[in-house]
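K.L.:
Handing you a structure now.
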Amino acid sequence: TAFLRDAAKADEGFNKEMRIASQQIAQMLVDKAKVEAGTVTRSRQATEVMKGMRARRDRIPTIKLDEKSGFVSASNPNRKRKRKVTRGDVFFGAEFGGQARPRTQQFLRHRGRSGYFFWPTVRKEKENIAKEYLDAIQRVLNTLKDS
């Protein structure tokens, strides 16, 4: 947080370049999580949820789910529903599982906090994310120093 406070006071060029670099790192993570979603048993929910994940331009790598975008259900399409199902409605069940209640039977077995596709990818890539982010900071500083 101290870094972000200092970065906010930094040169506008630094903030702009850091936002671009951070978005590239976040996009790399989104791409890897999409691949991981395809490996999940009954992967259709996971891959459909990942279609709504977006890398955002921020000073730190940021990923956001377009939670209000429509979830495409093959078994019960939105055109037949009064209330449309969104990716935000399905994300937690697809990522962490369900089956404890009658209304969560469509999800895989509950996994606690470990997750099925997004958080396992974050955990696998955490060292790479940190390295890429530090390298990006160094590249930005070198670029600004030379200009």
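K.L.:
How far apart, in nanometres, would the label points at Thr39 and Ala74 be if each is projected 7 angstrom from Cα along the Cα-to-Cβ direction?
P.N.:
2.2 nm
K.L.:
In angstroms, what radius of gyration and Dmax does the chain have, counting Cα atoms only?
P.N.:
18.6, 62
K.L.:
Counting only residues 5 or more places away or on other chains, whose amide H sits under 5 Å from the amide H of Thr86 once H atoms are built in the peptide plane?
P.N.:
Counting only residues 5 or more places away or on other chains, the set is Phe71.
K.L.:
Ok, one more. Ranked by accessible surface with a 1.4 Å probe, highest first, in what order do Asp58, Asp146 come? If you can, show how the numbers build up before the last one.
P.N.:
On the way: Asp58 50, Asp146 125 Å².
I get Asp146, Asp58, largest accessible area first.
K.L.:
So what is the accessible area of the chain per residue, in Å², with the probe set to 1.4 Å? Spell out each step's value before the answer.
P.N.:
Details: 9450 Å² over 147 residues.
With all protein chains present, the chain gives 64 Å² per residue.
K.L.:
A further question on this structure: Under 5 Å between amide H atoms, partner at least 5 residues away or on a different chain: which partners does Met53 have, H built in plane at 1.01 Å?
P.N.:
Asp66
K.L.:
I've got another one for you. Residue by residue, what Karplus-based ³J(HN,Hα) values in Hz, rounded to whole numbers, does region 20-37 have, using 6.51, -1.76 and 1.60 with θ = phi - 60° and x for Gly and Pro?
P.N.:
Karplus-based 3J(HN,Hα) across region 20-37 equals 5, 5, 5, 5, 5, 5, 5, 5, 4, 5, 4, 4, 5, 5, 5, 5, 4, 4 Hz.
K.L.:
Three principal axis extents, largest first, for the C-alpha atoms of region 58-128, in Å?
P.N.:
44, 29, 16
K.L.:
Tally Lys and Arg at +1 and Asp and Glu at -1 over the other residues with C-beta under 12 Å from the C-beta of Thr143: what net charge comes out?
P.N.:
Numbers: positive: Lys16, Arg139, Lys145; negative: Asp11, Glu17, Asp146.
Net charge in that neighbourhood comes out at 0.
K.L.:
Still on this structure, please answer the following. On full extension of the chain, what length is gained from Phe92 through Asn128, given 0.36 nm per residue of separation minus the C-alpha to C-alpha distance?
P.N.:
Details: separation 36, 0.36 × 36 = 12.96 nm, distance 2.51 nm.
Gain in length upon complete extension: 10.4 nm.
K.L.:
Can I ask one more? Multiply the residue separation of Arg139 and Asp11 by 0.36 nm, subtract the distance between their alpha-carbon atoms, and state the gained length in nm to one decimal. Walk me through the numbers before you get to the answer.
P.N.:
Details: separation 128, 0.36 × 128 = 46.08 nm, distance 1.49 nm.
Separation in residues times 0.36 nm, less the Cα-Cα distance, equals 44.6 nm.
K.L.:
Give the residue from Leu141, Met50, Pro61 lying farthest towards the positive end of the charge dipole for the chain; charges sit on Cβ (+1 for Lys and Arg, -1 for Asp and Glu) and the dipole is referred to the Cα centre.
P.N.:
The residue sitting most towards the positive pole is Met50.
The values are calculated or read from the model by the stated rules, or taken from the named source; none is laboratory data. Note that the structure is predicted; figures quoted are calculated from it, not measured. So basically every Cβ, Gly included, is an ideal-geometry build from the backbone, and we count neighbours across all protein chains shown. Just so you know, the surface numbers come from the protein's heavy atoms only, side chains and all, with ligands and any DNA or RNA stripped out. Shrake-Rupley method; radii C 1.70, N 1.55, O 1.52, S 1.80 Å.
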